Amino acid sequence: MSGTDVEQVLRKQRLRSLQAGSLLRVGVVVIMVGAMLIHTDPTRWPAQAVLLSAYAFTTIFALILVFSAAQPLLNDNRTLLVLALVDVVAVFGFKLLSPGGYIPLLVMALLPRMVAVELSLRRAAAVLGCSLLVFTASVLQDPVIAPRLGPAITALIVLVYGFVCGTALLVVIFRLRNVDEMAELTRSREELLGETMTASETERRQISESIHDGALQDVLAARRDIADFLKTAPAAPLEHALASLQEASRQLRAVTFELHPAVFDQVGLAAAVEKLASVTAERSGIVITTDADYPEANAVDPILFGVVRELLSNVTRHSGAGAASVKLEVTDGVARIDVADDGIGISGDAAARRLAQGHIGLASHRARVQAAGGTLTIVDEPVGAHLRVELPLRY
């Protein structure tokens with residue numbers, strides 16, 4: 001199963017299952033101790049004490065781990081299977097050491113909940129099947145329960161326990177089905193995101209090429225003709241026209257670059273970000289520094305460049321800043337962008353107001369980043385604004 005979101009959800013599910021199972025296991029230990037002291041022959045206490053001591057040690061050890069920083073050590077299917085087998089052995093072992101005890105029999109009904117919730121279907125079926133067999137054997141060989149209840153009631157108890165095990169197995173089946181559906185939705189979302197990215201970049205490229213090959217070439221040709229004419233017959237109006245055409249050509253070059261920079265395809269994202277910062281600084285008068293360390297091209301590059309473009313655009317339009325910085329780096333397979341300025345700053349409430357007023361640029365890029373498994377957050381700073389984008393690379 002792939003997808004960052006799915007893996008995160010699965011890890012959280014395993015951790016919650018381990019935590020819930022650890023708390024439930026504490027209750028089981030307390031009930032078993034009570035059953036040993038109240039309803040068991042004292043001659044059996046030594047054997048029961050040994051079993052309960054080992055089970056209590058496992059319970060406390062697992063409880064400490066799942067609620068501490070070491071929880072990742074337990075967060076896998078193998079750990080869940082081992083703990084499930086420990087539960088089965090401890091509970092059924094205690095039942096075998098407690099003939100005629102009804103409380104140990106009731107504790108056994110907790111096993112399907114304890115052992116099956118987060119296991120794979122095959123492992124859950126195996127553990128629950130073994131539980132049903134051992135439960136049946138323990139009831140039939142008990143010297144008190146079976147003779148006292150009679151064959152009909154005994155068979156009914158076994159059937160009820162089988163129903164409980166079957167219900168637990170259905171929970172596993174439905175959970176796995178939900179996980180598969182979630183994975184399919186994630187894959188569909190990523191495919192849609194890829195198609196949207198491709199269509200958006202294709203449209204930008206086409207517009208950029210259209211401006212570059214059309215209007216910009218006409219402006220450049222007119223500027224060249226006027227410059228050639230001025231060499232032979234200087235005239236002030238034409239000099240003003242030439243200056244206007246030079247400014248128009250500069251702006252058109254900047255627009256074509258921001259739509260789809262050629263350097264983006266040629267030398268990569270880091271150079272494109274540095275060039276974008278330079279163009280933005282020249283146009284806005286804001287001093288923009290860059291620190292770009294991005295080793296190689298990746299499928300998420302168009303998203304990252306689009307976010308930087310939007311953030312720098314917001315700096316020039318809304319911040320009132322005199323200086324800004326852009327930092328691009330990759331750590332542990334995650335690209336991170338930090339754009340900060342010394343302007344008036346921005347809060348979550350201000351961003352919400354801009355969205356309500358129709359400024360959807362930042363919101364749309366945030367949605368795009370989140371759809372790709374990343375985050376776009378506002379970092380609290382005493383002065384100015386600081387926005388951070390973190391996005392896992394695709395391999």
(Q) Among the listed residues V308, V287, identify the single one that is open to solvent by 50 Å² or more (accessible area, probe 1.4 Å) and of a type outside the set (D, E, K, R). (A) V287
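Out of the residues in segment 382-395 that are part of a loop (DSSP other than H, G, I, E, B) and either touching a Pro at 6+ places or on another chain (Cβ under 6 Å) or more than 17 Å from H318 (Cα to Cα) (or both), state the one that is least open to solvent (accessible area, probe 1.4 Å). Please lay out each step first, then the result.
The initial filter retains those residues of segment 382-395 that are part of a loop (DSSP other than H, G, I, E, B), namely 382-384, 393-395.
If we keep only those that are either touching a Pro at 6+ places or on another chain (Cβ under 6 Å) or more than 17 Å from H318 (Cα to Cα) (or both) too, we end up with 382, 393-395.
Details: P382: 129, L393: 29, R394: 80, Y395: 205 Å².
Across segment 382-395, the extreme among qualifying residues is L393.
Considering only residues that are surrounded by fewer than 14 Cβ atoms within 10 Å (Cβ to Cβ), hydrophobic (A, V, I, L, M, F, W, C) and modelled with pLDDT under 80, which ones fall in segment 141-162? Let's see the steps before the verdict.
Restricting attention to segment 141-162, the residues satisfying the condition of being surrounded by fewer than 14 Cβ atoms within 10 Å (Cβ to Cβ) are 141, 143-144, 147-148, 150-153, 156, 159-160.
Checking which are hydrophobic (A, V, I, L, M, F, W, C) leaves us with 144, 152-153, 156, 159-160.
Passing the criteria: only V144.
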Q. Here is a list of conditions, (1) modelled with pLDDT of 70 or more; (2) over 20 Å from G306 (Cα atoms); (3) hydroxyl-bearing (S, T, Y), and T375 meets all of them except one; can you say which number that is?
A. (2)
Q) Across segment 364-384, what is the total count of residues that are out of contact with any His (no Cβ under 9 Å at 6 or more places or on another chain) and hydrophobic (A, V, I, L, M, F, W, C)? A) 5
**Q.** Single residue of L85, L132 found to be open to solvent by 20 Å² or more (accessible area, probe 1.4 Å) and modelled with pLDDT under 80
**A.** L85
Q | Counted residues, segment 163-196 - those being modelled with pLDDT of 75 or more, aliphatic (A, V, I, L, M) and open to solvent by 70 Å² or more (accessible area, probe 1.4 Å) | A | 2
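Scan segment 223-243 and give yes if some residue there is under 38 Å from the mean Cα position of the chain (by Cα), part of a helix (DSSP H, G or I) and either modelled with pLDDT under 85 or not small (G, A, S) (or both), otherwise no. So that I can check it myself, show each step before the final result.
Residues of segment 223-243 under 38 Å from the mean Cα position of the chain (by Cα): none.
No; the residues of segment 223-243 include none that is under 38 Å from the mean Cα position of the chain (by Cα), part of a helix (DSSP H, G or I) and either modelled with pLDDT under 85 or not small (G, A, S) (or both).
The values are calculated or read from the model by the stated rules, or taken from the named source; none is laboratory data. Remember, it's a predicted structure, so these values are computed and weren't measured experimentally. Please note: Cβ atoms are built from the backbone with ideal geometry, for glycine as well, and neighbour counts cover all protein chains shown. The protein model used for the area step is the full one, side chains on, heavy atoms only, and it has no ligands, DNA or RNA in it. Shrake-Rupley method; radii C 1.70, N 1.55, O 1.52, S 1.80 Å.
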